[in-house]
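Peer 1: My questions will all concern the structure given below.
The values are calculated or read from the model by the stated rules, or taken from the named source; none is laboratory data. Computed from a predicted model, the values in this text were never measured in an experiment. No Cβ is skipped: glycine too gets one built from the backbone with ideal geometry, and neighbour counts run over all protein chains shown.
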Amino acid sequence: MEMLEEILKLREEATASLNLLKTQEDAENFRLQYLSRKGSVAQLFERLKEVPKEEKPAIGKSLNELRNFLEAEFESAGQRIAAAKTADIGKIDLSIPGRKRYIGRKHPLTQTAEEIKRIFTGIGFGIADGPEIEDDYHNFEALNFPPDHPARDMQDTFFVKSDGGKYMLRTHTSGVQIRVMENNKPPVRVIMPGRVYRNEAISARSYCLFHQVEGLYVDKNVSLAELKGTISYFVKEFFNANAKLRFRPSFFPFTEPSAEVDVNCFLCAGKGCRICKYSGWLEIMGCGMVDPNVFKQVKYDENEVSGFAFGMGIDRLAILRYGIDDIRLFFENDLRFLNQF
């Protein structure tokens, strides 16, 4: 009888597998293969209805014996595995100190960025993102940096070779402003956080990678007073309600007029110290009214709309807020530093 031979062969195969069971996972795999509802034994029982009537009693008896045998042996193997596991537990040296588990925390730059986002989204700004590998048009030209403009020398750029044109690691997130205006009609009110790159010598005060948040507001009749009000609100929310700030005339190709924003040094209360270079003030951002040439690039009517833009370094704000004296600490992943946050 062909099926009796299959039963005998399956019994030998299963017995050999039982001797190799070492873990609970091994036992579960054995059960699924042989004793489950779709296992090998169940498949043989399913085929019993195809066996000639005169052979069914003998084959049925053999199948029952096979199932009972495997179930008994499987239970014994499970007890053996459990006993071995208990024996292993007895070998553990409970006097050895346990391994300390460290609780993950948000990086101080992440905490600073989230606080900045919270403040600006609370007054109606959205959040936009853009590519870190940028083309020359969005990184420079559309922002009023002509090819021969001396302002390009202000930013040492990492260029990326490409057959499709000139590409670079973005030197600021201002390119996202252009992309937002290209795809949205006024009013636009958005901040653009992200990583930026500049080919600078690494020191306590500068790094080749840092983080920025830039902001843009464009609508009808947007005024310089609204820019000053927005920045003042941010400074008092981020630092403290008693913070003092000042606007100094400056130059940026994509804004006119332009200004640098300083906040009074909170370490010396404006009296002058090493951190503020004895001036009593700390520079925190640049800002200004969007230059009409930028509006022309994105096909906004400069006679119908106006707007302001601002940009600040997240790393710099974190340094000022927490009194950190070396920007490199943000990138070294030293737990002694990170655990303080």
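Peer 1: When you scan the stretch 86-104, do you find a residue that is without any contact (Cβ under 8 Å) to a residue 24 or more places away in the chain, assigned to a helix (DSSP H, G or I) and closer than 30 Å to ARG195 by Cβ, even just one?
Peer 2: No, the conditions are met nowhere in the stretch 86-104.
Peer 1: Against the condition surrounded by 21 or more Cβ atoms within 10 Å (Cβ to Cβ) and not in a helix (DSSP H, G or I), how does LEU216 come out, does it pass?
Peer 2: Against the criterion (surrounded by 21 or more Cβ atoms within 10 Å (Cβ to Cβ) and not in a helix (DSSP H, G or I)), LEU216 qualifies.
Peer 1: So CYS273 passes all but one of these: (1) in contact (Cβ under 8 Å) with a residue 40 or more places away in the chain; (2) more than 27 Å from GLY122 (Cα to Cα). Which condition number does it fail?
Peer 2: All conditions pass for CYS273, except number (1).
Peer 1: Looking at ILE178, is it farther than 19 Å from PHE254 by Cα and either in contact with a helix residue (DSSP H, G or I) (Cβ under 8 Å, 6 or more places away or on another chain) or of a type in the set (S, T, N, Q) (or both)?
Peer 2: No; evaluated as a whole, the condition is false for this residue.
Peer 1: Identify all residues within the stretch 32-79 that are more than 19 Å from LEU4 (Cβ to Cβ), surrounded by fewer than 16 Cβ atoms within 10 Å (Cβ to Cβ) and touching a residue at least 12 places away in the same chain (Cβ under 8 Å); write none if there are none.
Peer 2: Passing the criteria: GLN33, GLU71.
Peer 1: Now, a different point. Look through the stretch 1-22, keep the residues that are among the hydrophobic types (A, V, I, L, M, F, W, C) and farther than 15 Å from GLY39 by Cβ, and return whichever of them is farthest from the chain's Cα centre (by Cα).
Peer 2: If we take residues in the stretch 1-22 being among the hydrophobic types (A, V, I, L, M, F, W, C) and farther than 15 Å from GLY39 by Cβ, then MET1 is farthest from the chain's Cα centre (by Cα).
Peer 1: Something else: Under the condition of being charged (D, E, K, R) and closer than 30 Å to ASN19 by Cβ, which residue from the stretch 78-129 is modelled with the highest pLDDT?
Peer 2: ARG80
Peer 1: Mind telling me which of the residues ILE119, ILE178 ends up being β-branched (Val, Ile, Thr) and either touching a His at 6+ places or on another chain (Cβ under 6 Å) or assigned to a loop (DSSP other than H, G, I, E, B) (or both)?
Peer 2: When all the criteria are applied, what remains is ILE178.
Peer 1: Scan CYS287, CYS268, CYS276 and give me the residue that is out of contact with any Ser or Thr (no Cβ under 6 Å at 6 or more places or on another chain), crowded, with 21+ Cβ neighbours inside 10 Å and modelled with pLDDT under 90.
Peer 2: Unique residue meeting the criteria: CYS276.
Peer 1: Here's something else I'd like to know. Quick one: would you say GLU304 is surrounded by fewer than 14 Cβ atoms within 10 Å (Cβ to Cβ) and either under 26 Å from VAL188 (Cβ atoms) or modelled with pLDDT of 85 or more (or both)?
Peer 2: yes
Peer 1: Could you grab me the full set of residues in the stretch 320-334 that are assigned to a helix (DSSP H, G or I) and either without any contact (Cβ under 8 Å) to a residue 12 or more places away in the chain or surrounded by fewer than 10 Cβ atoms within 10 Å (Cβ to Cβ) (or both)?
Peer 2: Across the stretch 320-334, the qualifying residue is only LEU329.
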